[in-house]
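**Q** Before I ask anything, here is the structure I am working with.
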Amino acid sequence: MKNFKLKNIPERTAKPRNNGITMVMDKGLSLKEAENFIDANGDFVDFVKLGFGTSYVTKNLQEKIDLYKQANTGVYLGGTLFEAFIVRNQYEDFIKTLDKYKLEYAEVSDGSIEMPHDIKLDYINKLSKHFTVLSEVGSKDVEKIIPPYQWIELMKAEIKAGAWKVIAEAREAGNVGVFRSSGEVREGLVQEILTKIDDDKIIWEAPQKAQQTYFIKLVGNNVNLGNIATNDVIPLETLRLGLRSDTFSFFLPKNAKYITKKK
(Lines give C-alpha, C1' and ligand atoms only; values in the text may rest on other atoms or scores of the structure.)
Protein backbone atom coordinates (compact mmCIF):
# COMPACT_ATOMS: atom_id res chain seq x y z
CA MET A 1 0.00 0.00 0.00
CA LYS A 2 1.35 3.43 -1.02
CA ASN A 3 -0.59 6.58 -0.19
CA PHE A 4 1.58 8.92 -2.26
CA LYS A 5 4.67 8.93 -4.47
CA LEU A 6 8.26 9.14 -3.24
CA LYS A 7 11.37 8.55 -5.31
CA ASN A 8 14.21 6.23 -4.31
CA ILE A 9 12.11 3.95 -2.13
CA PRO A 10 13.60 0.43 -2.14
CA GLU A 11 11.39 -2.23 -3.70
CA ARG A 12 9.56 -4.56 -1.36
CA THR A 13 8.47 -8.07 -2.17
CA ALA A 14 4.71 -8.71 -2.15
CA LYS A 15 2.66 -11.39 -0.40
CA PRO A 16 3.00 -14.31 -0.59
CA ARG A 17 6.70 -13.68 0.05
CA ASN A 18 9.65 -16.05 0.04
CA ASN A 19 11.90 -13.30 1.36
CA GLY A 20 11.21 -10.01 3.05
CA ILE A 21 9.08 -11.95 5.52
CA THR A 22 7.74 -10.32 8.67
CA MET A 23 6.76 -12.83 11.34
CA VAL A 24 4.77 -11.42 14.24
CA MET A 25 4.36 -12.89 17.72
CA ASP A 26 0.79 -12.93 19.02
CA LYS A 27 1.10 -13.31 22.78
CA GLY A 28 -2.63 -13.38 23.50
CA LEU A 29 -4.55 -10.85 21.43
CA SER A 30 -8.31 -11.00 21.78
CA LEU A 31 -10.33 -11.76 18.67
CA LYS A 32 -11.29 -8.09 18.37
CA GLU A 33 -7.68 -7.00 18.84
CA ALA A 34 -6.61 -9.49 16.15
CA GLU A 35 -9.24 -8.06 13.79
CA ASN A 36 -7.95 -4.54 14.40
CA PHE A 37 -4.36 -5.73 14.04
CA ILE A 38 -5.06 -7.30 10.64
CA ASP A 39 -7.02 -4.25 9.50
CA ALA A 40 -4.05 -1.98 10.21
CA ASN A 41 -1.13 -4.28 9.38
CA GLY A 42 -2.33 -7.17 7.22
CA ASP A 43 -0.46 -6.12 4.07
CA PHE A 44 2.85 -6.30 5.91
CA VAL A 45 2.46 -9.48 7.96
CA ASP A 46 3.38 -12.86 6.47
CA PHE A 47 3.22 -15.09 9.55
CA VAL A 48 1.69 -14.91 12.98
CA LYS A 49 3.19 -17.17 15.63
CA LEU A 50 0.89 -17.88 18.53
CA GLY A 51 3.71 -17.39 21.00
CA PHE A 52 5.06 -20.14 23.26
CA GLY A 53 2.08 -21.97 24.85
CA THR A 54 -0.52 -19.21 24.57
CA SER A 55 -2.72 -21.20 22.18
CA TYR A 56 -3.49 -23.63 25.03
CA VAL A 57 -5.41 -20.92 26.89
CA THR A 58 -6.43 -18.55 24.08
CA LYS A 59 -10.16 -17.83 23.84
CA ASN A 60 -11.79 -18.28 20.39
CA LEU A 61 -8.67 -19.98 19.06
CA GLN A 62 -10.21 -21.40 15.88
CA GLU A 63 -11.86 -18.08 15.05
CA LYS A 64 -8.56 -16.27 15.48
CA ILE A 65 -6.68 -18.77 13.30
CA ASP A 66 -9.37 -18.45 10.62
CA LEU A 67 -9.13 -14.66 10.79
CA TYR A 68 -5.40 -14.72 10.10
CA LYS A 69 -5.77 -17.24 7.29
CA GLN A 70 -8.50 -15.15 5.64
CA ALA A 71 -6.00 -12.28 5.58
CA ASN A 72 -3.56 -14.46 3.60
CA THR A 73 -1.33 -14.71 6.66
CA GLY A 74 0.29 -17.95 7.73
CA VAL A 75 -0.31 -18.94 11.33
CA TYR A 76 1.39 -21.54 13.50
CA LEU A 77 1.80 -22.62 17.09
CA GLY A 78 4.92 -21.57 18.98
CA GLY A 79 7.81 -24.03 19.10
CA THR A 80 7.64 -24.14 22.88
CA LEU A 81 4.23 -25.78 22.58
CA PHE A 82 5.70 -28.40 20.24
CA GLU A 83 8.30 -29.09 22.94
CA ALA A 84 5.58 -29.29 25.59
CA PHE A 85 3.91 -32.08 23.60
CA ILE A 86 7.19 -33.90 22.91
CA VAL A 87 8.48 -33.86 26.49
CA ARG A 88 5.16 -35.44 27.53
CA ASN A 89 5.46 -38.12 24.85
CA GLN A 90 2.41 -36.71 22.99
CA TYR A 91 3.65 -36.34 19.41
CA GLU A 92 0.49 -37.91 17.98
CA ASP A 93 -1.60 -35.49 20.02
CA PHE A 94 0.44 -32.65 18.52
CA ILE A 95 -0.45 -33.86 15.02
CA LYS A 96 -4.11 -34.15 16.02
CA THR A 97 -3.99 -30.57 17.29
CA LEU A 98 -2.57 -29.27 14.01
CA ASP A 99 -5.26 -31.15 12.12
CA LYS A 100 -8.04 -30.03 14.47
CA TYR A 101 -7.26 -26.37 13.82
CA LYS A 102 -6.51 -26.93 10.10
CA LEU A 103 -2.99 -25.55 10.42
CA GLU A 104 -0.66 -25.71 7.42
CA TYR A 105 2.54 -24.73 9.24
CA ALA A 106 4.44 -26.31 12.12
CA GLU A 107 7.39 -25.08 14.13
CA VAL A 108 9.95 -27.54 15.46
CA SER A 109 12.29 -26.35 18.18
CA ASP A 110 14.44 -27.62 21.02
CA GLY A 111 15.21 -24.38 22.82
CA SER A 112 13.68 -25.42 26.15
CA ILE A 113 14.40 -29.16 26.22
CA GLU A 114 17.42 -31.34 25.55
CA MET A 115 16.76 -33.29 22.36
CA PRO A 116 19.32 -35.32 20.36
CA HIS A 117 19.65 -33.64 17.00
CA ASP A 118 18.92 -36.79 15.02
CA ILE A 119 15.57 -37.01 16.84
CA LYS A 120 14.79 -33.39 15.98
CA LEU A 121 15.67 -34.05 12.34
CA ASP A 122 13.32 -37.02 12.35
CA TYR A 123 10.46 -34.84 13.61
CA ILE A 124 11.22 -32.25 10.89
CA ASN A 125 11.27 -34.95 8.24
CA LYS A 126 8.01 -36.54 9.37
CA LEU A 127 6.18 -33.24 9.73
CA SER A 128 7.44 -31.88 6.40
CA LYS A 129 5.51 -34.60 4.58
CA HIS A 130 2.23 -33.01 5.70
CA PHE A 131 3.04 -29.46 6.83
CA THR A 132 5.35 -26.59 5.93
CA VAL A 133 7.99 -26.74 8.65
CA LEU A 134 9.85 -23.88 10.26
CA SER A 135 12.62 -25.12 12.51
CA GLU A 136 14.19 -23.01 15.22
CA VAL A 137 17.92 -23.22 15.86
CA GLY A 138 19.51 -22.04 19.11
CA SER A 139 18.91 -22.26 22.83
CA LYS A 140 16.76 -20.11 25.09
CA ASP A 141 19.41 -20.54 27.79
CA VAL A 142 21.48 -17.35 27.94
CA GLU A 143 24.41 -19.34 29.33
CA LYS A 144 24.49 -21.74 26.39
CA ILE A 145 26.75 -20.35 23.66
CA ILE A 146 26.70 -22.33 20.41
CA PRO A 147 29.81 -21.78 18.22
CA PRO A 148 29.30 -20.56 14.64
CA TYR A 149 30.33 -23.83 12.97
CA GLN A 150 27.65 -25.65 14.97
CA TRP A 151 24.94 -23.13 14.05
CA ILE A 152 25.85 -23.73 10.41
CA GLU A 153 25.84 -27.53 10.75
CA LEU A 154 22.47 -27.49 12.54
CA MET A 155 20.87 -25.16 9.99
CA LYS A 156 22.17 -27.15 7.02
CA ALA A 157 20.93 -30.42 8.50
CA GLU A 158 17.49 -29.06 9.32
CA ILE A 159 17.03 -27.58 5.86
CA LYS A 160 18.10 -30.90 4.35
CA ALA A 161 15.62 -32.73 6.62
CA GLY A 162 12.76 -30.68 5.18
CA ALA A 163 12.58 -27.33 6.95
CA TRP A 164 11.28 -24.59 4.64
CA LYS A 165 12.98 -21.92 6.75
CA VAL A 166 15.23 -22.01 9.79
CA ILE A 167 14.60 -19.51 12.56
CA ALA A 168 17.58 -18.04 14.40
CA GLU A 169 16.64 -18.05 18.10
CA ALA A 170 16.49 -14.80 20.07
CA ARG A 171 13.37 -15.19 22.26
CA GLU A 172 10.74 -12.46 22.40
CA ALA A 173 13.18 -10.15 24.21
CA GLY A 174 16.07 -10.48 21.74
CA ASN A 175 18.65 -11.37 24.39
CA VAL A 176 19.82 -14.93 23.59
CA GLY A 177 20.97 -16.92 20.56
CA VAL A 178 22.35 -14.58 17.90
CA PHE A 179 22.30 -11.75 20.46
CA ARG A 180 24.17 -11.14 23.69
CA SER A 181 22.21 -10.72 26.91
CA SER A 182 22.42 -6.94 26.35
CA GLY A 183 20.62 -7.30 22.99
CA GLU A 184 23.83 -6.59 21.05
CA VAL A 185 24.19 -8.59 17.84
CA ARG A 186 26.84 -11.31 17.78
CA GLU A 187 28.06 -9.90 14.48
CA GLY A 188 30.81 -12.45 13.86
CA LEU A 189 28.33 -15.29 14.33
CA VAL A 190 25.73 -13.77 12.02
CA GLN A 191 28.20 -12.97 9.27
CA GLU A 192 29.78 -16.42 9.44
CA ILE A 193 26.36 -18.07 9.18
CA LEU A 194 25.64 -16.02 6.06
CA THR A 195 28.79 -17.32 4.35
CA LYS A 196 27.28 -20.82 4.37
CA ILE A 197 23.47 -20.45 4.55
CA ASP A 198 21.41 -18.54 1.98
CA ASP A 199 19.86 -15.49 3.63
CA ASP A 200 16.42 -16.28 2.18
CA LYS A 201 16.38 -19.56 4.15
CA ILE A 202 16.77 -17.80 7.52
CA ILE A 203 14.24 -15.89 9.61
CA TRP A 204 16.15 -13.80 12.13
CA GLU A 205 14.26 -13.24 15.37
CA ALA A 206 14.84 -9.52 15.94
CA PRO A 207 12.31 -7.90 18.26
CA GLN A 208 14.36 -4.76 18.96
CA LYS A 209 14.61 -1.80 16.57
CA ALA A 210 18.42 -1.74 16.63
CA GLN A 211 18.49 -5.44 15.74
CA GLN A 212 16.06 -4.94 12.86
CA THR A 213 18.15 -2.03 11.60
CA TYR A 214 21.31 -4.14 11.71
CA PHE A 215 19.84 -6.93 9.58
CA ILE A 216 18.26 -4.53 7.08
CA LYS A 217 21.62 -2.85 6.55
CA LEU A 218 23.51 -6.15 6.43
CA VAL A 219 21.21 -8.26 4.25
CA GLY A 220 18.87 -5.73 2.64
CA ASN A 221 15.37 -4.40 3.14
CA ASN A 222 13.89 -7.78 2.16
CA VAL A 223 15.56 -9.68 4.97
CA ASN A 224 13.35 -12.15 6.85
CA LEU A 225 12.62 -10.94 10.38
CA GLY A 226 10.65 -12.54 13.19
CA ASN A 227 9.31 -12.10 16.71
CA ILE A 228 8.07 -8.64 15.76
CA ALA A 229 5.67 -7.14 18.29
CA THR A 230 2.17 -6.45 17.00
CA ASN A 231 2.58 -2.70 17.44
CA ASP A 232 5.98 -2.66 15.69
CA VAL A 233 4.91 -3.93 12.26
CA ILE A 234 4.42 -0.56 10.56
CA PRO A 235 7.49 0.96 12.28
CA LEU A 236 9.49 -2.01 10.90
CA GLU A 237 8.06 -1.43 7.43
CA THR A 238 9.27 2.17 7.54
CA LEU A 239 12.73 0.90 8.49
CA ARG A 240 12.63 -1.39 5.44
CA LEU A 241 11.70 1.56 3.21
CA GLY A 242 14.20 4.12 4.54
CA LEU A 243 11.42 6.20 6.09
CA ARG A 244 12.78 6.22 9.63
CA SER A 245 15.90 7.97 10.83
CA ASP A 246 17.80 4.72 11.47
CA THR A 247 17.77 3.81 7.75
CA PHE A 248 16.84 7.20 6.27
CA SER A 249 20.02 7.76 4.25
CA PHE A 250 20.82 4.08 3.66
CA PHE A 251 18.69 3.72 0.51
CA LEU A 252 19.18 7.24 -0.86
CA PRO A 253 21.57 7.98 -3.74
CA LYS A 254 25.03 8.88 -2.47
CA ASN A 255 24.76 12.41 -3.87
CA ALA A 256 21.42 13.14 -2.18
CA LYS A 257 21.51 16.18 0.06
CA TYR A 258 19.19 18.53 1.87
CA ILE A 259 18.70 21.79 -0.04
CA THR A 260 17.30 24.97 1.47
CA LYS A 261 16.09 27.93 -0.53
CA LYS A 262 17.52 31.29 0.54
CA LYS A 263 15.16 34.26 0.66
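**Q** Inspect all residues belonging to segment 124-141 and state whether any of them is touching a Lys or Arg at 6+ places or on another chain (Cβ under 6 Å) and either hydroxyl-bearing (Ser, Thr, Tyr) or part of a loop (DSSP other than H, G, I, E, B) (or both). Talk me through it step by step, then tell me what you get.
**A** Step one: of segment 124-141, the residues touching a Lys or Arg at 6+ places or on another chain (Cβ under 6 Å) are 134, 140.
From the residues that got through so far, the ones that are either hydroxyl-bearing (Ser, Thr, Tyr) or part of a loop (DSSP other than H, G, I, E, B) (or both) too are 140.
Yes; the residues of segment 124-141 include at least one that is touching a Lys or Arg at 6+ places or on another chain (Cβ under 6 Å) and either hydroxyl-bearing (Ser, Thr, Tyr) or part of a loop (DSSP other than H, G, I, E, B) (or both).
**Q** Something else: Can you name every residue in segment 160-170 that is more than 10 Å from the chain's Cα centre (by Cα) and in a strand (DSSP E or B)?
**A** ALA163, TRP164
**Q** Next question, about the same structure. Scan segment 158-170 residue by residue and report those that are within 21 Å of SER112 (Cβ to Cβ) and either open to solvent by less than 10 Å² (accessible area, probe 1.4 Å) or of a type in the set (Val, Ile, Thr) (or both). Walk me through how you get there before you give the answer.
**A** Within segment 158-170, the first condition is being within 21 Å of SER112 (Cβ to Cβ), and the residues that meet it are 158, 161, 163, 165-170.
Once the filter is applied, which keeps residues that are within 21 Å of SER112 (Cβ to Cβ) and either open to solvent by less than 10 Å² (accessible area, probe 1.4 Å) or of a type in the set (Val, Ile, Thr) (or both), segment 158-170 yields GLU158, ALA163, LYS165, VAL166, ILE167, ALA168, GLU169, ALA170.
**Q** Which residues, taken from segment 15-68, are in contact with a helix residue (DSSP H, G or I) (Cβ under 8 Å, 6 or more places away or on another chain), in a loop (DSSP other than H, G, I, E, B) and more than 22 Å from GLU205 (Cβ to Cβ)?
**A** Passing the criteria: LYS59, ASN60.
**Q** Could you give me the residue pairs with C-beta distances under 7 Å whose first residue belongs to segment 120-142 and is more than 27 Å from PHE179 (Cα to Cα), whose second residue is modelled with pLDDT under 95 and surrounded by fewer than 23 Cβ atoms within 10 Å (Cβ to Cβ) wherever it lies, and which are 6+ apart or on separate chains?
**A** none
**Q** Pull up segment 39-57, narrow it to residues that are over 13 Å from MET23 (Cα atoms) and surrounded by 19 or more Cβ atoms within 10 Å (Cβ to Cβ), then point me to the one that is modelled with the lowest pLDDT.
**A** PHE52
**Q** Sticking with this structure for a sec: Can you find even one residue in segment 82-90 that is out of contact with any Leu (no Cβ under 6 Å at 6 or more places or on another chain), assigned to a loop (DSSP other than H, G, I, E, B), open to solvent by less than 60 Å² (accessible area, probe 1.4 Å) and of a type outside the set (Lys, Arg)? First the steps, then the outcome.
**A** Start the filter on segment 82-90 by keeping residues that are out of contact with any Leu (no Cβ under 6 Å at 6 or more places or on another chain), which leaves 82-90.
Within this subset, residues satisfying the condition of being assigned to a loop (DSSP other than H, G, I, E, B) are 88-90.
After this cut, where a residue has to be open to solvent by less than 60 Å² (accessible area, probe 1.4 Å) as well, the list is none.
For segment 82-90, residues out of contact with any Leu (no Cβ under 6 Å at 6 or more places or on another chain), assigned to a loop (DSSP other than H, G, I, E, B), open to solvent by less than 60 Å² (accessible area, probe 1.4 Å) and of a type outside the set (Lys, Arg): absent.
**Q** Mind telling me which of the residues LYS160, LYS201 ends up being in contact with a strand residue (DSSP E or B) (Cβ under 7 Å, 6 or more places away or on another chain) and either at pLDDT 95 or above or within 19 Å of LEU50 (Cα to Cα) (or both)?
**A** LYS201
**Q** Say we look at segment 171-193 and pick out the residues that are in contact with a strand residue (DSSP E or B) (Cβ under 8 Å, 6 or more places away or on another chain) and either open to solvent by 10 Å² or more (accessible area, probe 1.4 Å) or part of a loop (DSSP other than H, G, I, E, B) (or both); which of these is modelled with the lowest pLDDT?
**A** Selected residue: GLU172.
**Q** Let me ask something else about it. Restricting attention to segment 97-106, and to residues there that are assigned to a helix (DSSP H, G or I) and surrounded by 12 or more Cβ atoms within 10 Å (Cβ to Cβ), which single residue is farthest from the chain's Cα centre (by Cα)?
**A** Taking the candidates together, the pick is THR97.
**Q** Any residue at all in segment 209-221 that's within 21 Å of PHE82 (Cβ to Cβ) and either under 17 Å from the mean Cα position of the chain (by Cα) or at pLDDT below 95 (or both)?
**A** No, that holds for no residue.
**Q** Sticking with this structure for a sec: Would you check if there is a residue in segment 107-119 being open to solvent by 20 Å² or more (accessible area, probe 1.4 Å), within 30 Å of GLU192 (Cβ to Cβ) and in contact with a Leu (Cβ under 6 Å, 6 or more places away or on another chain)?
**A** There is no residue in segment 107-119 that is open to solvent by 20 Å² or more (accessible area, probe 1.4 Å), within 30 Å of GLU192 (Cβ to Cβ) and in contact with a Leu (Cβ under 6 Å, 6 or more places away or on another chain).
**Q** So which residues in segment 114-135 are closer than 30 Å to LYS69 by Cα and either among the hydrophobic types (A, V, I, L, M, F, W, C) or in contact with a Phe, Trp or Tyr (Cβ under 9 Å, 6 or more places away or on another chain) (or both), if there are any at all?
**A** Result: LEU121, TYR123, ILE124, LYS126, LEU127, SER128, PHE131, THR132, VAL133, LEU134, SER135.
**Q** Could you please find all residues in segment 206-221 being closer than 17 Å to PRO235 by Cβ and either open to solvent by 10 Å² or more (accessible area, probe 1.4 Å) or not in a helix (DSSP H, G or I) (or both)?
**A** Of everything in segment 206-221, those that are closer than 17 Å to PRO235 by Cβ and either open to solvent by 10 Å² or more (accessible area, probe 1.4 Å) or not in a helix (DSSP H, G or I) (or both) turn out to be ALA206, PRO207, GLN208, LYS209, ALA210, THR213, TYR214, LYS217, ASN221.
The values are calculated or read from the model by the stated rules, or taken from the named source; none is laboratory data. Please read these numbers as outputs of a predicted model, since none were measured by experiment. Because the Cβ atoms are built from the backbone with ideal geometry, glycine has one as well, and the counts that use them run over all protein chains shown. Areas reflect the complete protein model, heavy atoms only, side chains present, ligands, DNA and RNA absent. Shrake-Rupley method; radii C 1.70, N 1.55, O 1.52, S 1.80 Å.
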